[in-house]
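Every number here is computed from the coordinates shown, using simple stated rules; none is lab data. Here the structure is a predicted model, which means the values were calculated and not measured. Here the Cβ positions follow ideal geometry from the backbone for every residue, glycine too, while neighbour counts run over all protein chains shown.
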Amino acid sequence: MSKKAILLGASGLIGSCLLELLLASDRFSSVIIFVRKPLGLKNKKLTEVVTDFSELSKLKELINGDIVFSCLGSTKSKTPDLREYRRIDHDIPVTIAKYAEENHVAQFHLVSSLGANSNASNFYSKMKGETEDDIKKASISSIHIYQPSLLRGKRKEDRFLEKIALQITKVIDPLLVGSLKKYRSIEIEKVAQAMFNQSLKEQKGIYTYPSDQIKELV
């Protein structure tokens with residue numbers, strides 16, 4: 001049976017790859033995306049909702065389908081205001097998860113980050129951990145959390161330090177073995193494909209996939 005998907009973060013690295021998979025698949029009859037500005041895509045299955053997410057309550061009725069995919073995320077360079085940063089990475093997905101629960105959505109898939117931990121002293125890791133913890137509280141029958149490490153993929157913006165890090169990982173990745181394999185960099189396509197694959201399995205429960213396990217789902 002064809003499914004209805006709701007996608008947050010469709011303009012981002014992982015979200016844009018996932019959107020392509022959803023639109024190309026006959027397993028999904030409808031895809032709703034929430035974006036800050038139109039993406040300019042034409043597809044009969046696609047419904048585009050333009051929003052700045054400032055009034056989330058107005059979106060509640062639209063969080064109605066089979067699966068929610070949350071690929072939202074920002075960076076300090078894009079969002080130096082930590083309150084706004086938290087609103088994007090925590091408040092929006094957590095609120096959408098509550099709406100999904102109230103509207104009886106069966107699955108929620110969240111892109112988090114390796115090292116997410118609500119007890120961490122680091123702002124980013126702590127925030128990601130709190131987001132995970134709060135979404136797990138929702139009474140949604142199937143919750144999947146993906147914790148990718150450093151992402152490999154073509155970015156729209158130029159991130160100098162990240163480029164250097166990616167060059168370093170080419171040397172370091174083969175040396176990370178055993179329990180350290182989860183720290184190897186990962187392609188954005190693999191994260192998107194893993195999310196797509198897991199959404200078709202209809203497993204009940206809460207699942208968390210560190211970066212090395214994400215690769216095994218593809």
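Compared with the dominant Cα axis of the chain, that is its longest principal axis, helix 188-199 is turned about 40°. In whole Å, how far is the Cα centre of region 108-155 from that of region 22-96? Between the Cα centres of region 108-155 and region 22-96 lies a distance of 16 Å. Computed across the chain, the Kirkwood hydrodynamic radius from all distinct Cα-Cα pairs reaches 17.7 Å. Loop-resident GluC sites (Glu not before Pro) (DSSP state other than H, G, I, E or B) in region 37-76 with no more than 16 further Cβ atoms inside 10 Å of their Cβ: E55. Calculated mean residue ellipticity at 222 nm for the chain: -10000 deg cm²/dmol, from DSSP H runs with n ≥ 4 weighted as -39500 (n - 2.57), summed, divided by the residue count and rounded to 500. Compared with the dominant principal axis of the Cα atoms in the chain, helix 13-24 is inclined by about 50°. The mean sequence separation of alpha-carbon pairs under 8 Å and at least six residues apart, normalised by the residue count of the chain, gives a relative contact order of 19 percent. Principal-axis analysis of the Cα atoms of the chain puts helix 92-102 at an angle of about 40° to the longest axis.
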